[in-house]
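Below is one structure, written out as structure tokens, with a few remarks after it.
The values are calculated or read from the model by the stated rules, or taken from the named source; none is laboratory data. All values derive from a computational prediction rather than experimental measurement. Please note: Cβ atoms are built from the backbone with ideal geometry, for glycine as well, and neighbour counts cover all protein chains shown. Keep in mind that these areas ignore ligands, DNA and RNA; they rest on the heavy atoms of the full protein, side chains included. Shrake-Rupley method; radii C 1.70, N 1.55, O 1.52, S 1.80 Å.
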Amino acid sequence: MTILTVDFGSTFTKAALVADDGTVLGTASTPTTGTQGRGSGDILDGYRVLRDRLGVPHGAHVHACSSAGGGLRLAVVGYERTVTAEAGHRVGLSAGAKVVHVADGALTTREVSGIRHARPDILLLVGGTDGGNADVLLHNAARLAKGAIGGHGPHAVPIVLAGNIDARSEATALLEAAGRPAIHADNVLPQIGVIAPESARAAIREAFLRHVIGGKGLSRDAAFGQMVEAATPDAVLRGVEVVADVRGGGDVMVVDIGGATTDVYSVITPEGEDASLRKDVVAPLWHARTVEGDLGMRWNAVHVVEAAESEGLLGSVGDPEALRSYAAHVQARPGSLPADDVERRLDLELARLAALVAVRRHSRPGQPTESPRPLANVTTLVGSGGVLRHTDEAGRAHVLDAVLADHAGGWKVPRSATATVDAAYLLYAVGLLDAHDPASARSVASQLA
């Protein structure tokens, strides 16, 4: 049976048509419809354009992911900033969320107001190891029950409860008594030095599909909610995991340079001391994603230059002032494309700097209790994003080779890695397929080289 995979992105909707043997029959993209407010149509208008363009047969199975309408916005409430709150933050990123707020300790009225101001789609409530202190978790559950974040009833922000399992029943009762939907998950930090993301990732995915997709008003057609199965970054991380498996378990890193953010994914098999010792209070996620919300090629182009300057990277730019001017230009006109060879070179410089800063942040310790991410054994670096898909081999090498040669970045550069580009934008499709047809997923993943 032919399968159509679709990614409803914030700017473009992409599709890939896949045969039952894993052969990619075609790919296409079109501007995402229905996300610009009244009069802009329905998000499925663009989807139907892609169906026609690809000649999708009647009866084809459709599997989709979405980051349209701002994607998945998550707030995290934990016990301590460097322990459960940090664990919740990492789990949220791995679940495909944009973490818009992190609070720690016993919530005050002001802190609840800060969460409300961040406008999360979902709230992840964590705190305490299993059998440990439950006071803060229960206090925060009571505060959130009264907080009216997103309203009450069907408009209430769903709360994923993934803290001390011994306090789960009491915390659930507090939330449900106030009409706040609560979804259970296992503790993300069952004991110090152990992080358990999968149950919370599944619960966040469930909340996203049940409460968020329909609530963004992107389509009047129930078919949209029925076909979307995951947030796009969640599907991409799953795709990266399949790619790592197809390549014999070699460590894989992906740099996705977008208009609003630059995301970095890495799938690592720890070895030696990393595999046997728990040096960190919060153990690392070996399959992880970080989102750099200030490193977008358009919406945050000026911030890319500022971040690169703070990292000491502007010395490698031929004309920093020309780059500053270009960054200001495209940030004011986020829909713009390079008009000539000069602007194309400047666009690639923005991409190079965004990738370098994003990978440095992904790799270096983010907390005093955290160790550097061991990326020395990465064998494959995959580049993604429109800027890489629409340039030539020299342009791709300019961006990705810089990452692999960043010996001054404060992280261990891979000893031996090759770089490639997801030129057809298939990582999300691999992730979606893996949930239904792992053999086809592996076949598509093998075509990424």
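Things to note:
- Other-chain or far-sequence residues with amide H under 5 Å of Val62's (modelled H): Leu4
- Cα centroid separation, the range 58-127 to the range 307-377 (Å): 26 Å
- Using only side-chain charges placed at the Cβ, +1 for Lys and Arg and -1 for Asp and Glu, the dipole size of the range 292-417 relative to its Cα centre rounds to 480 debye.
- Across the accessible surface of the chain, with the other protein chains kept in place and a 1.4 Å probe, carbon and sulfur atoms take up 50 percent.
- Electrostatic dipole magnitude of the chain [Cβ: Lys, Arg +1; Asp, Glu -1; Cα centre; debye, to 20]: 940 debye
- Karplus 3J(HN,Hα) series, Hz, for the range 323-336 with 6.51 cos²θ - 1.76 cosθ + 1.60 (x for Gly, Pro): 5, 4, 5, 5, 4, 5, 4, 6, 5, 6, 9, x, x, 6
- Highest-first arrangement of 217-229, 381-393, 407-419, where packing means the average Cβ count within 10 Å: 381-393, 217-229, 407-419
- Distant-in-sequence amide H partners of Gly9 (H built 1.01 Å from N, under 5 Å): Lys14, Ser67
- Mean Cα-pair separation over length for the range 1-90, i.e. relative contact order, pairs under 8 Å, 6 or more apart, %: 29 percent
- Packing rank of 129-141, 330-342, where each peptide gets the mean count of other beta carbons within 10 Å, highest leading: 129-141, 330-342
- Within the range 1-81: Cβ-based charge dipole about Cα centre, in debye rounded to nearest 20 (Lys, Arg +1; Asp, Glu -1): 280 debye
- Length gained when the stretch Ser113-Ala223 is fully extended (0.36 nm per residue, less Cα-Cα span): 36.1 nm
- On full extension, the segment bounded by Ala394 and Gln447 gains 17.0 nm, given 0.36 nm per residue less the C-alpha separation.
- Top positive-direction residue, dipole computed over the chain with Cβ charges, set Pro233, Gly409, Ala167: Ala167
- Computed over protein heavy atoms with a 1.4 Å probe, the accessible surface of the range 294-410 works out to 44 Å² per residue.
- Relative to the compact-globule estimate of 2.2 N^0.38 Å, the Cα radius of gyration of the chain comes out at 0.97.
- In this simple spin-label approximation, Asp45 and Ala408 carry label points 7 Å from Cα along the Cα→Cβ vector, and these lie 5.0 nm apart.
- Distant-in-sequence amide contacts of Val76, defined by a placed amide H-H separation under 5 Å and a gap of 5 or more residues or a different chain, comprise His101, Val102, Ala103, Leu124.
- Estimated 222 nm signal from helices in the chain, with DSSP H stretches of n ≥ 4 weighted -39500 (n - 2.57), rounded to 500: -11500 deg cm²/dmol
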